[in-house]
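Asks: Starting off with a structure, shown below.
The values are calculated or read from the model by the stated rules, or taken from the named source; none is laboratory data. What you see is a predicted model; the values in this text were computed from it and never measured. Heads up, the Cβs are rebuilt from the backbone with ideal geometry, glycines too, and the neighbour counts pull from every protein chain shown.
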Amino acid sequence: MELLAKIFAMAIAAIFVQNFVLMRFLGLCPYIGVSKKIDSALGMGMAVIFVMTMASTFTWLIQTYLLVPLKIEFLQTIAFILTIASLVQLVEMIIQKTAPALYKALGVFLPLITTNCAVLGVAILNINEEYTFIFAILNGLFAGLGFTLVLILMAGIRERLERAELPRTMRGMPIAMIVAGCMALAFLGFSGLKF
Amino acid sequence: MSIILYSIATLGILGVIYGLGLAFASKKFHVDIDPKIEQINEILPGVNCGACGYPGCSAYAEAIVKHNAEINLCAPGGDDVIADIAKILGIEAISADKKIAVIHCQSGGLNNTFFRYEYHGICTCKAAVLVSSGPNLCNYGCVFQNDCIAACQFDAIHLDENGMRIIDKEKCTGCGACVIACPRNLIELVSIKKRVHILCTSHDKGVVSRKVCGNKTACIACTLCVKKCPVEAIEMQNNLAVIIYDKCINCGQCADVCPTSAIFDPLKEVRAKKKAEAKAKAETVKKQLEKQKTTETLEDTN
């Protein structure tokens with residue numbers, strides 16, 4: 001029971017309280033870039049969830065069983081990026097094979113998950129927080145869920161903004177920035193939550 | 001020293017493992033792409049207008065190669081694109097009958113429309129027609145919020161000095177975006193070879209349509225054109241004369257008899273000129289003949 005409570009607390013923390021996009025400000029590039037349509041936002045979110053979970057798994061294993069015993073922790077960043085890049089390549093191949101339309105919709109942002117600092121962020125955070133293996137994987141999953149949630153919320157708002165009557169100067173990117181700011185403010189409300 | 005070795009070994013091994021893994025995955029998830037699809041996709045205009053009936057240029061390219069779709073469906077591309085595609089596929093080019101948009105309404109300007117009320121709502125035709133049958137008196141005519149202009153990707157629809165929508169024949173590619181955009185279904189794609197059009201879509205009775213049309217060019221269902229047409233290319237459909245373009249021979253006789261000028265014939269002046277020329281020519285020939293005759297008679301008398 002205590003374990004479940006811990007997992008729940010972690011989920012709330014990763015999805016809302018310490019949301020990667022709106023509280024830690026990681027992964028802002030796809031947040032603005034792929035949030036024009038709900039469909040592609042959902043696809044991107046799924047890809048990020050997959051990459052984050054897998055990255056958490058592999059980086060934790062590499063850190064614990066390779067880097068620490070050999071005392072070469074300083075290679076952490078480079079080894080993690082190597083892992084993440086390979087995973088993204090794998091995801092890209094899978095998506096291209098199974099969902100060509102999604103592949104086209106995501107466009108350049110799919111390979112850009114490689115440099116999505118949220119993925120590297122969650123990997124390094126797992127190590128810094130000294131999570132156990134299972135918790136590291138769960139943290140990756142929840143972080144991805146948080147990212148997807150925010151991305152879809154943003155996409156929903158922006159789809160409506162397309163039809164809204166706005167001053168010409170505010171159309172497109174400016175209003176997206178304002179909306180992003182408002183969402184960050186709203187998520188600030190979660191920061192008081194503690195378990 | 002050992003740290004350097006460990007570092008090199010660790011990253012090297014990781015790199016090799018990932019490399020092998022990706023190589024395996026790329027074999028497993030390999031997607032075969034016919035190079036022809038890529039080539040055709042490059043030739044197509046890339047505007048994704050959907051005139052071909054496929055969700056985009058790349059989908060059409062794929063359909064041509066994989067499902068033997070017709071190669072003359074791309075309206076914006078025109079004959080050049082068809083010839084290029086035919087070259088890639090190694091087949092004979094079929095020429096497309098180029099179609100352009102025709103707006104079947106001559107009203108819709110600021111100066112030639114009778115208003116039911118002043119419309120100050122959302123600036124789209126789709127919204128305007130919803131408010132008690134639109135702001136203009138004619139229930140069938142243009143409501144001038146310019147959805148067609150917004151829909152046109154090729155900048156082919158313009159407003160003239162009266163605020164009327166004019167279609168630029170050179171720029172129009174016949175993609176049909178405006179046809180879909182117009183909530184009153186005023187726009188139709190017609191072969192560029194057909195020049196005579198009935199520019200009214202009102203199904204009102206003659207008295208009503210004459211009264212409500214701000215341009216006074218409504219079809220009043222008098223059926224004069226139907227009777228006049230030598231090839232029976234005009235039909236009455238529910239109080240509206242409609243040209244059946246397959247039969248029309250561009251003779252323009254219907255435009256001559258139309259009492260309200262609802263039928264537009266751009267060749268009218270050309271025809272009049274030709275007629276005048278022919279008349280003049282006939283007269284000169286006649287004069288010459290007469291002259292010849294007189295000289296002949298003179299010679300005879302001599």
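Asks: Quick check, is residue A:80 at pLDDT 90 or above, facing chain B (nearest Cβ under 10 Å) and part of a helix (DSSP H, G or I)? If you could, list the steps in order and put the result at the bottom.
Replies: Numbers: at pLDDT 90 or above: yes; facing chain B (nearest Cβ under 10 Å): no; part of a helix (DSSP H, G or I): yes.
Spelling it out, it is not the case that residue A:80 is at pLDDT 90 or above, facing chain B (nearest Cβ under 10 Å) and part of a helix (DSSP H, G or I).
Asks: Sticking with this one: Filter the stretch A:101-122 down to the residues that are under 11 Å from the mean Cα position of the chain (by Cα) and either of a type in the set (Gly, Ala, Ser) or in a helix (DSSP H, G or I) (or both) and list them by number. Spell out how you get there, then give the answer.
Replies: We begin by selecting, within the stretch A:101-122, every residue under 11 Å from the mean Cα position of the chain (by Cα); these are A:113, A:116-122.
Once the filter is applied, which keeps residues that are under 11 Å from the mean Cα position of the chain (by Cα) and either of a type in the set (Gly, Ala, Ser) or in a helix (DSSP H, G or I) (or both), the stretch A:101-122 yields A:113, A:117, A:118, A:119, A:120, A:121, A:122.
Asks: Can I ask one more? Does the stretch B:105-119 include one or more residues that are within 17 Å of the chain's Cα centre (by Cα) and in a loop (DSSP other than H, G, I, E, B)? Before you say what the answer is, go through the steps one by one.
Replies: Of all residues in the stretch B:105-119, those within 17 Å of the chain's Cα centre (by Cα) come to B:105-106.
When the remaining residues are screened for being in a loop (DSSP other than H, G, I, E, B), the result is B:105-106.
Taking every residue of the stretch B:105-119 in turn, at least one turns out to be within 17 Å of the chain's Cα centre (by Cα) and in a loop (DSSP other than H, G, I, E, B).
Asks: Next up: For the stretch B:123-212, give me every one of the strands (runs of 3 or more DSSP E) that falls completely inside it and has 2 or more residues that are touching a Lys or Arg at 6+ places or on another chain (Cβ under 9 Å) and over 28 Å from residue B:235 (Cβ atoms).
Replies: Values: elements: B:157-159, B:165-167, B:187-191.
Once the strands (runs of 3 or more DSSP E) in the stretch B:123-212 are filtered for at least 2 residues that are touching a Lys or Arg at 6+ places or on another chain (Cβ under 9 Å) and over 28 Å from residue B:235 (Cβ atoms), what remains is B:157-159.
Asks: From the set of residues in the stretch B:186-228 that are touching a strand residue (DSSP E or B) at 6+ places or on another chain (Cβ under 7 Å) and among the polar types (S, T, N, Q), which is surrounded by the fewest Cβ atoms within 10 Å (Cβ to Cβ)?
Replies: B:223
Asks: Could you grab me the full set of residues in the stretch A:67-95 that are buried (at least 18 other Cβ atoms within 10 Å of the Cβ) and over 24 Å from the mean Cα position of the chain (by Cα)?
Replies: Within the stretch A:67-95, A:67, A:72 qualify.
Residues checked against (1) more than 14 Å from residue A:21 (Cα to Cα); (2) exposed (fewer than 11 other Cβ atoms within 10 Å of the Cβ); (3) not polar (S, T, N, Q):
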| position | (1), (2), (3) |
| --- | --- |
| A:147 | no, no, yes |
| A:151 | no, no, yes |
| A:172 | yes, no, yes |
| A:192 | yes, yes, yes |
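Asks: Right, something else. Just one of (1) of a type outside the set (Ser, Thr, Tyr); (2) buried (at least 18 other Cβ atoms within 10 Å of the Cβ); (3) away from chain B (no Cβ under 14 Å); (4) closer than 30 Å to residue A:63 by Cβ trips up residue A:130, so point out which.
Replies: Answer for residue A:130: the failing condition is (2).
Asks: With respect to residue B:71, is the statement that it is closer than 30 Å to residue B:155 by Cα, within 14 Å of chain A (Cβ to nearest Cβ) and surrounded by 12 or more Cβ atoms within 10 Å (Cβ to Cβ) true?
Replies: On the way: closer than 30 Å to residue B:155 by Cα: yes; within 14 Å of chain A (Cβ to nearest Cβ): no; surrounded by 12 or more Cβ atoms within 10 Å (Cβ to Cβ): yes.
Judged against the criteria, residue B:71 is not a match.
Asks: Could you identify the single residue in B:274, B:216 that is modelled with pLDDT under 85 and in a loop (DSSP other than H, G, I, E, B)?
Replies: Result: B:216 is the single residue among B:274, B:216 that is modelled with pLDDT under 85 and in a loop (DSSP other than H, G, I, E, B).
Asks: While we're looking at this one, here's another question. Can you work out which of the residues in the stretch B:149-171 that are over 21 Å from residue B:45 (Cα atoms) and in contact with a helix residue (DSSP H, G or I) (Cβ under 8 Å, 6 or more places away or on another chain) is surrounded by the most Cβ atoms within 10 Å (Cβ to Cβ)?
Replies: Within the stretch B:149-171, the first condition is being over 21 Å from residue B:45 (Cα atoms), and the residues that meet it are B:158-166.
Right, trim to in contact with a helix residue (DSSP H, G or I) (Cβ under 8 Å, 6 or more places away or on another chain) and you get B:158-159, B:165.
On the way: B:158: 13, B:159: 15, B:165: 23.
Among them, the one singled out is B:165.
Asks: Could you tell me which of the residues A:157, A:113, A:152, A:124 is modelled with pLDDT under 85, of a type in the set (Val, Ile, Thr) and at negative phi? Even if it seems obvious, please write down each step before you answer.
Replies: Details: A:157 fails: modelled with pLDDT under 85; A:152 fails: modelled with pLDDT under 85; A:124 fails: modelled with pLDDT under 85.
The conditions single out A:113.
Asks: OK, next. Listed residues A:87, A:66; which is in a helix (DSSP H, G or I) and either hydroxyl-bearing (Ser, Thr, Tyr) or under 30 Å from residue B:32 (Cα atoms) (or both)? Full working, then the answer.
Replies: Details: A:66 fails: either hydroxyl-bearing (Ser, Thr, Tyr) or under 30 Å from residue B:32 (Cα atoms) (or both).
The match here is A:87.
Asks: Report, by residue number, each residue of the stretch B:235-292 that is among the acidic types (Asp, Glu) and under 24 Å from the mean Cα position of the chain (by Cα).
Replies: B:235, B:246, B:265, B:269
Asks: Scan the stretch A:25-42 and tell me whether some residue there is over 12 Å from the mean Cα position of the chain (by Cα), modelled with pLDDT under 85, surrounded by fewer than 21 Cβ atoms within 10 Å (Cβ to Cβ) and assigned to a helix (DSSP H, G or I).
Replies: yes
Asks: Here's a check for you: in the stretch A:51-77, which residue that is away from every other protein chain (no Cβ under 14 Å) and not β-branched (Val, Ile, Thr) is farthest from residue B:14 (Cα to Cα)?
Replies: Once the filter is applied, the top-ranked residue is A:52.
Asks: Let me ask something else. Residue A:146: more than 10 Å from chain B (Cβ to nearest Cβ), assigned to a helix (DSSP H, G or I), on the phi > 0 side of the Ramachandran plot and not β-branched (Val, Ile, Thr), yes or no? If you could, list the steps in order and put the result at the bottom.
Replies: On the way: more than 10 Å from chain B (Cβ to nearest Cβ): yes; assigned to a helix (DSSP H, G or I): yes; on the phi > 0 side of the Ramachandran plot: no; not β-branched (Val, Ile, Thr): yes.
Here the answer is no, as residue A:146 does not meet what is asked.
Asks: Now for a different question. Anything in the stretch B:14-32 that is more than 10 Å from chain A (Cβ to nearest Cβ) and either under 19 Å from residue B:62 (Cβ atoms) or in contact with a helix residue (DSSP H, G or I) (Cβ under 7 Å, 6 or more places away or on another chain) (or both)? List them, or say none.
Replies: Hit for the stretch B:14-32 is B:32, nothing else.
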